[in-house]
Every structure is written in structure tokens, then in C-alpha cells.
Amino acid sequence: MTEDEFWDITPKVFQLKCDGFFSLVEELERQKWERMRFQTVALINSQRKRSEQISPQKLIKFDWDKIKSQENERNKIDYILYKSQNKK
């Protein structure tokens, strides 16, 4: 963003741009951690029998994994409630 663009935007638009930028930085950092977790699991599993192999989530659970699992649980509960209310 140029200096002229900066002075021409509203505070709300500037805040949205900052939020988008920091979301991008966070997503890139997550991808790095996910890649490292995958590589580590591949290395560990290469020395194990198929029945003893582990999943990436069992090796280490990140905060965003917990959030996703909570969202999935909420979606399941919402679906069950919807289905139970719409039975005829």
C-alpha cells in the first residue's frame, strides 16, 4: 500500500486490511507446522509396522485442530437436533 492509498482509506478499511494480512501470516505459519508434523509422522511411521503407525493428530494436537473438532461436534449436534425436530 502506498502512502497516498494509506491516507485515502477509512479506519474501518485499514482495519480490514490489517486483519486480512494477519490472517494470511497465521495461515502460512499453520501450513509450516502442518508440514513439519506430516514429515515427522512419515519418518516415525517408516520404522513401524502398519498396525503400530500413528496419525499426525496423535503425534501432536494443535489449537486449531481442537477448534475444528469442536466445530464438527457442534455441526453434528445441530444436524441431529434438526433431524429430530423435522420428523413427521
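Scanning the range 1-25 for residues that are among the acidic types (Asp, Glu) and either open to solvent by less than 100 Å² (accessible area, probe 1.4 Å) or in contact with a Leu (Cβ under 9 Å, 6 or more places away or on another chain) (or both) yields Glu5, Asp19. Answer yes or no as to whether Lys61 is open to solvent by 100 Å² or more (accessible area, probe 1.4 Å) and in contact (Cβ under 8 Å) with a residue 12 or more places away in the chain. When the stated conditions are applied, Lys61 does not pass them.
The values are calculated or read from the model by the stated rules, or taken from the named source; none is laboratory data. These figures come from a predicted structure and were not determined experimentally. All Cβ positions, even for glycine, are placed from backbone atoms using ideal geometry, and neighbour counts span all protein chains on display. SASA here: full protein model, heavy atoms, side chains in, ligands and nucleic acids out. Shrake-Rupley method; radii C 1.70, N 1.55, O 1.52, S 1.80 Å.
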